[in-house]
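The values are calculated or read from the model by the stated rules, or taken from the named source; none is laboratory data. If you're wondering where the values come from, they're calculated on a predicted model, not measured in any experiment. Cβ placement follows ideal geometry from the backbone for every residue including glycine, while neighbour counts extend to all protein chains displayed. We work out accessible area using only protein heavy atoms, side chains counted, and drop any ligands, DNA or RNA first. Shrake-Rupley method; radii C 1.70, N 1.55, O 1.52, S 1.80 Å.
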Amino acid sequence: MHTESRHILKNHDLRLTEARERILDLFLHEERALSHADIEAGLGADADRVTVYRTLRTFADKGILHTIPDEQDNIRYALCHHGSCGPENHRHNHIHFKCGQCGQTQCLEGLVIPSVVLPAGFIFLEANYIIQGICDRCAANAAQN
């Protein structure tokens, strides 16, 4: 079993299974957010759709992954890179970038999130910031052509 996968699962009090390891390994080797379809494709023909769905839900509930909604009401999942996430403390308010050419979404850590003052009586839970544009890879490919 991949050492980093084992460490993450153990730190989040999750049983070690082959499906969890394989799904977590996909996220550890990607810099982008993954959809359910991306994960099934990465796992190959032996991927069980229900197991993938349940594993993603468990990882999100435990603070291993966070969800990123997009304009088509689809959900993408990204690995929480900071060690402070957990079931009771799941902080992932940061900016995401979606490429208009390749469609990939990635987390942009370290950027300042705009401050928003809510009207009286409103309670802030989380914010989703998605910037759309052309990623560095697609821009470089366009410049070469």
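So is residue 124 over 28 Å from residue 38 (Cα atoms) and not small (Gly, Ala, Ser) or not? Spell out the reasoning first.
Values: over 28 Å from residue 38 (Cα atoms): yes; not small (Gly, Ala, Ser): yes.
For residue 124, the condition - over 28 Å from residue 38 (Cα atoms) and not small (Gly, Ala, Ser) - is met.
Consider the range 11-27 and keep the residues that are of a type outside the set (A, V, I, L, M, F, W, C), part of a helix (DSSP H, G or I) and modelled with pLDDT of 90 or more. The one that is farthest from the chain's Cα centre (by Cα) is 18. Of the strands (runs of 3 or more DSSP E) lying entirely inside the range 28-145, not one is found with 3 or more residues being at pLDDT 90 or above, of a type outside the set (Asp, Glu) and open to solvent by 40 Å² or more (accessible area, probe 1.4 Å).
Taking the range 12-24 as the range and being touching a residue at least 12 places away in the same chain (Cβ under 8 Å) and open to solvent by 30 Å² or more (accessible area, probe 1.4 Å) as the test, the residues that pass are 12, 13, 16, 19, 20, 21, 22.
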